[in-house]
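K.L.:
Before we start, here is the structure in question, set down as structure tokens.
Each reported figure results from applying straightforward, stated rules to the coordinates on display, with no laboratory input. Just so we're clear, the structure is a prediction, and the values are computed from it rather than from any experiment. Cβ placement follows ideal geometry from the backbone for every residue including glycine, while neighbour counts extend to all protein chains displayed.
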Amino acid sequence: MIPTLANLRIRAVEVLSRNWYLLRRVDFDYQRRDGEWQSLSREVYDRGNGATILLYNRARRTVILTRQFRMPILFNQHPTGMLLESPAGLLDADAPADCIKREVEEETGYRIAAVQPIFNAYMSPGSVTERLHFFVAEFDQAAKVSDGGGDASEGEDIDVLEVPFEQAMAMIASGEIADGKTILLLYHAALHKLLDAA
Ligand SMILES: Nc1nc2c(ncn2[C@@H]2O[C@H](COP(=O)(O)OP(=O)(O)O[C@H]3O[C@H](CO)[C@@H](O)[C@H](O)[C@@H]3O)[C@@H](O)[C@H]2O)c(=O)[nH]1
Ligand SMILES: [Mg+2]
């Protein structure tokens, strides 16, 4: 699982927590660029990989966002913990495209037949293993098959918003949108003019 590198000797891997996801501490020797070996320790949090999507509608010039409570941000100065985000979910055993179709319907109520992969990215590589797969897809009102809202039995309570694209872009500047994956997707849409007429 962990590749062997000429400039790395892993001395120990200890599981610190296996409560919900997996937190490990890795003790290792790393050879610096000047040839010196240095003993280091890093905590590595593994919560699997994920997928996220921007649903957009060109005729209405809108995008779909979710709003939900996120405990970790409350521990870092966010006043309410309520975060505006692109729909997203953990992969489980699914391929990323299957995962995002399932998650987007569960969270937003939109059933999307085809999604377009755009890129994937490590979101917090200093401590979190997660690689996030990014998608875009066009939606229309006919694709709305339920209210969405997420899985209440798992504690999800997700509000679904259709936001004018220009307003969403302005909300990045104002700080109302402060989620990394969502900002990446909105900038991608702006750069590639996804909301413009075909
Ligand atoms: N009991 C318990 N449940 C948890 C815990 N952490 C997460 N869960 C539950 O696990 C489920 C995960 O929901 P998903 O929709 O699959 O994932 P997500 O939290 O939306 O994560 C997505 O967004 C993240 C933030 O941007 C991404 O990091 C991640 O890759 C993914 O795309 C939710 O029901 C959540 O309540 C925990 O510590 N304890
Ligand atoms: Mg989610």
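K.L.:
Does anyone have the angle between helix 180-191 and the longest principal axis of the chain? Alpha-carbon axes, 0 to 90°, nearest 10?
P.N.:
Here the helix axis deviates by roughly 60 degrees.
K.L.:
With a cap of 10 neighbouring Cβ atoms within 10 Å, and only residues DSSP puts in a loop, list the trypsin sites (Lys or Arg not before Pro) found in the range 1-69.
P.N.:
Values: sites: Arg9, Arg11, Arg18, Arg24, Arg25, Arg32, Arg33, Arg42, Arg47, Arg58, Arg60, Arg61, Arg67; in loops: Arg18, Arg32, Arg33, Arg47, Arg58, Arg60, Arg61.
Counting only loop positions with at most 10 other Cβ atoms within 10 Å, the trypsin sites (Lys or Arg not before Pro) in the range 1-69 are Arg18, Arg32, Arg33.
K.L.:
So if the hydrodynamic radius of the chain is defined as the Kirkwood radius over C-alpha pairs, what does Stokes-Einstein give as its diffusion coefficient at 20 °C and 1.002 mPa s, in µm² per second? Show your work: numbers first, answer last.
P.N.:
On the way: Rh = 18.7 Å.
In µm²/s, the coefficient is 114.
K.L.:
Can you sort Met82, Met123 so the residue with the fewest Cβ neighbours within 10 Å comes first?
P.N.:
Listed from fewest to most nearby Cβ atoms, that is Met82, Met123.
K.L.:
Cross-link partners among lysines for Lys101, C-alpha distance below 22 Å, same-chain residues fewer than 8 apart left out?
P.N.:
Within reach: Lys144, Lys181.
K.L.:
Pairing the Cα long axis of helix 165-174 with the longest principal axis of the chain, what angle in degrees results, from 0 to 90 and rounded to the nearest 10?
P.N.:
It works out to around 50 degrees.
K.L.:
Same structure again: Among Leu185, Leu8, Leu84, rank each residue by its count of other Cβ atoms within 10 Å, from fewest to most, as a rough exposure measure.
P.N.:
Least crowded to most crowded, the residues run Leu8, Leu84, Leu185.
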